[in-house]
Amino acid sequence: MSELTRPAAGIGGGRKVVATAGTAEQLTTTQTSCLSLSITAETNNTGLIAVGDASVEAAAGSQTNALAILNAGDTISIDINNLTHIYLDSSVSGDGVAYGYTTR
């Protein structure tokens, strides 16, 4: 069975809070192999969450390098091989996300 068609072996997840608005933070610094990832902005967020690379910015008018801009409760699903590739920024300090992923 090819790697692309092999079913997921398990699932994992967590929570990430962006401490300082305007500063991109890795979803996790722990090398975590995965097949897919879903990120949901927490429902009590008051600002925007930008999901992207190390240069991602969430501030209105400056939103760059974002795969998605999430309002509270919004979700994005991504096929990716390691969680360390994903960065978050928030327009409000202390806003966060919950995430879940499938493993090989």
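Restricting attention to the range 32-104, which chymotrypsin sites (Phe, Trp or Tyr not before Pro) occupy a DSSP loop and are surrounded by at most 10 other Cβ atoms within 10 Å?
Here no loop site has a sparse enough neighbourhood.
Under a Cβ-Cβ cut-off of 9 Å, what is the net charge of the residues other than Ile49 that fall near it, where Lys and Arg count +1 and Asp and Glu count -1?
Net local charge, Ile49 excluded: -4.
Tell me which GluC sites (Glu not before Pro) from the range 1-83 have a DSSP coil assignment and no more than 12 other beta carbons within 10 Å of their own.
Details: sites: Glu3, Glu25, Glu42, Glu57; in loops: Glu3, Glu42.
Hits after loop and neighbour filter: Glu3.
With θ set to phi - 60° and the Karplus curve 6.51 cos²θ - 1.76 cosθ + 1.60, what are the ³J(HN,Hα) couplings of the range 62-67 in order, to the nearest whole Hz, using x for Gly and Pro?
10, 5, 9, 6, 9, 6
So for the chain, averaging the separation of alpha carbon pairs under 8 Å that are six or more residues apart and normalising by length, what relative contact order in percent results?
This gives 46 percent for the chain.
Work out the length of the dipole vector of the range 36-104 about its Cα centre, built from +1 on the beta-carbon of each Lys and Arg and -1 on the beta-carbon of each Asp and Glu, and round it to the nearest 20 debye.
160 debye
For the range 37-82, what % of the accessible area comes from carbon and sulfur atoms, probe 1.4 Å?
43 percent
Counting only heavy atoms of protein chains, what accessible area per residue, in Å², does the chain have with a probe of 1.4 Å?
52 Å²
I need the phi-derived Karplus couplings for the range 33-47: 6.51 cos²θ - 1.76 cosθ + 1.60, θ = phi - 60°, integer Hz, Gly and Pro marked x.
Computed from phi, the couplings for the range 33-47 are 5, 7, 9, 8, 9, 10, 10, 10, 5, 4, 5, 9, 4, 10, x Hz.
Less than 11 Å from a label point 7 Å out along the Cα-to-Cβ axis of Thr46: which backbone N atoms in the range 75-103 qualify, by residue?
Inside the label zone: 92-95.
Using 7 Å Cα-to-Cβ label points, what is the Asn81/Ser38 separation (nm, one decimal)?
Once both label points are built, they end up 2.4 nm from each other.
The values are calculated or read from the model by the stated rules, or taken from the named source; none is laboratory data. As the structure is a computational prediction, the values presented were derived from the model and not from experiment. All Cβ positions, glycine included, derive from the backbone under ideal geometry; neighbour counts span all protein chains shown. For accessibility, only protein heavy atoms count, side chains too; no ligands or nucleic acids. Shrake-Rupley method; radii C 1.70, N 1.55, O 1.52, S 1.80 Å.
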